[in-house]
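Engineer: Mind having a look at this structure? Questions to follow.
Just so it is clear, none of the values below were taken in a lab; they were calculated from the coordinates. All figures in this text were calculated on a predicted structure; none of them were measured in a lab. Heads up, the Cβs are rebuilt from the backbone with ideal geometry, glycines too, and the neighbour counts pull from every protein chain shown.
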Amino acid sequence: MTNYWQKMPTIINNGFAGFIDPISPDELAGLAMEEDIDSRLVYNSNNQWKVEHGPFESFDHLPESHTQIIVQAANHWHQRTHALVKPFKCFPGWLLDDVMVCLSLPKGGVGPHVDQYDVFIIQGMGKRYWRVGSKGCSDEANHNAGLCQIVQDNVILEKEMISGDILYIPAGFPHEGQALETSLSYSLGFRSPKARELLSSFADYIISQGMGDTHYYNPNMATRNDHGAIYQDEYQSMISMMENLFNNEKVKRQWLGEHLSLSRHELDIAAPDTLYQPRRLYQLLSNGEKLQKLAGLRAFYHPASANMLHINGDTFGFPEYCSDAAMALSNLDSVTAADLGTTAIEDHAFIATVTRLMNLGYWYFDECESSSAEVLP
């Protein structure tokens, strides 16, 4: 972290020794055929780049080279792919965007480009050759087909990656990867918000909460000769009106938690066929059943108010004395009664809120735990 995070690209050779692909090419192609999953096909024919967006009905028309199938947020739909997130939980959950999986035929890729997010790329089956340039040392070359390609100069890192190698590329460094043979790669993207995105989101939140619905008021205003002037006291009063909206810490915490918990990608949400009742949830937890969090679900908290969980754009409150249990729900992919603690399990309000979360499809009892088996050695 000290030497490389958001500073320099680097290769971790054999970072995952004995790496086993969590998903097969056929499974990935199947995901690309699903309506709710963001996928695209990138190929280069006669030096002309083309992009097609899914869902796809068939891949029979694909050429045998210069082709790449990309599935965004594959971790939301495939439990074994989601397991790739576990080794990277040393990073803030709110920074993680998704796990993108690429199936590349020989010479497949998307050309040289720049991403505005940090990425760890795990090489799966096959081999891929990577070139990474200096930050800022590139010119726009081709925005056709929506690829935003660049001319890449001043290469500072070149590497043929094999299964288990990990490439870290900070935001802003131009890079290009080309498959040397049919291969799979897994990209964990860490995307931070832009300042204008935060400002826009906060303004929307203030409006949605009915706050700030007051006019500028000046009963002591005098007549004036300079009709076009905005006086300093008027300027300051209106600026203060806005600043007052920013000075409410409780409002800011809830807004930011809800904003960061919104996923940019669809989730595989499926509400239970029969709604859970609190008593049933209590019985199952007491019997040792494991409660599983929906893959890709974003559930965050502020340590100063850890009993308030911000989940998928909403806020859910728990009793303050159940804060440890609420943090366990946020931090762990699955929980048992032991993880939650007796105080929470025996609390009616806590169980009622967890029941509500289960009926929304955010947590569930996993009947097939083997499907989420570890894919890393």
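Engineer: Starting from the 7 Å offset along Cα-to-Cβ, what nm value, one decimal, do you get for the label separation of Leu262 and Glu289?
Structural biologist: Label-label distance for Leu262 and Glu289, simple model: 3.3 nm.
Engineer: Tell me, what is a quarter of the convex hull surface for the C-alpha atoms of the range 263-345, in nm² with one decimal?
Structural biologist: Numbers: hull surface 23.4 nm².
Mean projected area of the Cα convex hull: 5.8 nm².
Engineer: Still on this structure: Restricting attention to the alpha-carbon atoms of the range 302-344, what are Rg (one decimal) and Dmax (integer), both in Å?
Structural biologist: 9.9, 29
Engineer: Return the single residue from Gln283, Gln232, Gln48 with maximal mean-square fluctuation; model: Gaussian network over the chain, springs between Cα atoms under 10 Å.
Structural biologist: Gln232
Engineer: Sticking with this one: Taking 8 Å as the Cα distance limit and 6 or more residues as the minimum spacing, I'd like the relative contact order of the range 1-119 as a percentage. Present the calculation step by step, with values, prior to reporting the outcome.
Structural biologist: Working: 153 pairs, mean separation 29.8, N = 119.
Reported as a whole number, the value is 25 percent.
Engineer: So if the hydrodynamic radius of the range 216-266 is defined as the Kirkwood radius over C-alpha pairs, what does Stokes-Einstein give as its diffusion coefficient at 20 °C and 1.002 mPa s, in µm² per second?
Structural biologist: Values: Rh = 14.4 Å.
The calculation lands on 149 µm²/s.
Engineer: Which residue, chosen from Ser201, Pro174, Met242, occupies the Cα position most advanced towards the positive end of the dipole of the range 156-244, where the dipole is computed from +1 (Lys, Arg) and -1 (Asp, Glu) charges on Cβ about the Cα centre?
Structural biologist: Met242
Engineer: Before anything else, pin down the relative contact order of the range 216-342: Cα pairs under 8 Å, at least 6 apart, normalised by residue count, whole percent. Could you put the intermediate results ahead of the total?
Structural biologist: Details: 126 pairs, mean separation 28.8, N = 127.
Here the relative contact order equals 23 percent.
Engineer: With a sphere of radius 14 Å drawn around the Cβ of Gly212, what net charge do the other residues whose Cβ falls strictly inside it have (Lys, Arg +1; Asp, Glu -1)?
Structural biologist: Details: positive: Lys252; negative: Asp204, Asp213, Glu243.
Summing Lys/Arg as +1 and Asp/Glu as -1 gives -2.
Engineer: If you look at just the Cα atoms of the range 247-293, how large are its Rg and its Dmax in Å?
Structural biologist: Answer for the range 247-293, Rg first and Dmax second: 16.6, 47 Å.
Engineer: I've got another one for you. Evaluate the relative contact order of the chain (contact order divided by residue number), counting alpha-carbon pairs under 8 angstrom at least 6 apart; express in whole percent.
Structural biologist: On the way: 732 pairs, mean separation 66.5, N = 377.
Once divided by the residue count of the chain, the mean separation gives 18 percent.
Engineer: Another question, if that's okay. Hey, for a label at Glu160 modelled as a point 7 Å past Cα toward Cβ, could you say which residues of the range 98-117 have their backbone N under 17 Å away?
Structural biologist: Within reach of a label on Glu160, which here means backbone N under 17 Å from a point 7 Å along Cα→Cβ, the range 98-117 contributes 106-108.
Engineer: Compute log10 of I(q)/I(0) for the range 219-377 with the Debye formula, placing one identical point scatterer on every Cα and leaving out solvent, at q = 0.10 Å⁻¹, to two decimals.
Structural biologist: Log10 of I(q)/I(0), two decimals: -0.48.
Engineer: Follow-up. For the chain, what number results from the quotient of the Cα radius of gyration and 2.2 N^0.38 Å? Mind dumping the intermediate values first?
Structural biologist: Values: Rg = 24.8 Å, N = 377, 2.2 N^0.38 = 21.0 Å.
In units of the 2.2 N^0.38 Å rule of thumb, it is 1.18.
Engineer: May I pose another question? If each residue of separation counts as 0.36 nm, what is the full-extension length gain between Leu62 and Asn3 once their alpha-carbon separation is subtracted?
Structural biologist: Working: separation 59, 0.36 × 59 = 21.24 nm, distance 4.19 nm.
Once the chain is fully extended between Leu62 and Asn3, it gains 17.0 nm.
Engineer: Show me 265-273, 62-70 ranked by packing, highest mean number of other Cβ atoms within 10 Å first. Mind showing how you got there, number by number?
Structural biologist: Numbers: 265-273: 13.4, 62-70: 18.4.
Answer by packing, highest mean first, reads 62-70, 265-273.
Engineer: Taking θ as phi - 60°, what are the ³J(HN,Hα) couplings along the range 156-162 by the Karplus curve (6.51, -1.76, 1.60), each to the nearest whole Hz, with x for Gly and Pro?
Structural biologist: Once θ is set to phi - 60°, the couplings for the range 156-162 become 10, 8, 9, 6, 8, 9, 10 Hz.
Engineer: How much length would be gained if the chain were fully extended between Lys194 and Lys50, taking 0.36 nm per residue of separation minus their Cα-Cα distance, in nm to one decimal?
Structural biologist: Details: separation 144, 0.36 × 144 = 51.84 nm, distance 2.93 nm.
Full-extension gain reported as 48.9 nm.
Engineer: Select from Ser58, Met1, Gly164 the residue farthest towards the positive end of the dipole of the chain; place +1 on Cβ of Lys and Arg, -1 on Cβ of Asp and Glu, and compute about the Cα centre.
Structural biologist: Met1
Engineer: If the limit is 20 Å between Cα atoms, which of Lys107/Lys127; Lys86/Lys293; Lys89/Lys293 go over it? Display every interim value, and only then the final one.
Structural biologist: Numbers: Lys107/Lys127 10 Å; Lys86/Lys293 13 Å; Lys89/Lys293 15 Å.
The pairs that break the limit, which is 20 Å between Cα atoms, do not exist here.
Engineer: Average the reciprocal distances over every distinct pair of alpha-carbons in the range 1-129, invert the result, and give the Kirkwood radius in Å.
Structural biologist: Details: mean 1/r = 0.0619 Å⁻¹.
One decimal place: 16.2 Å for the Kirkwood radius.
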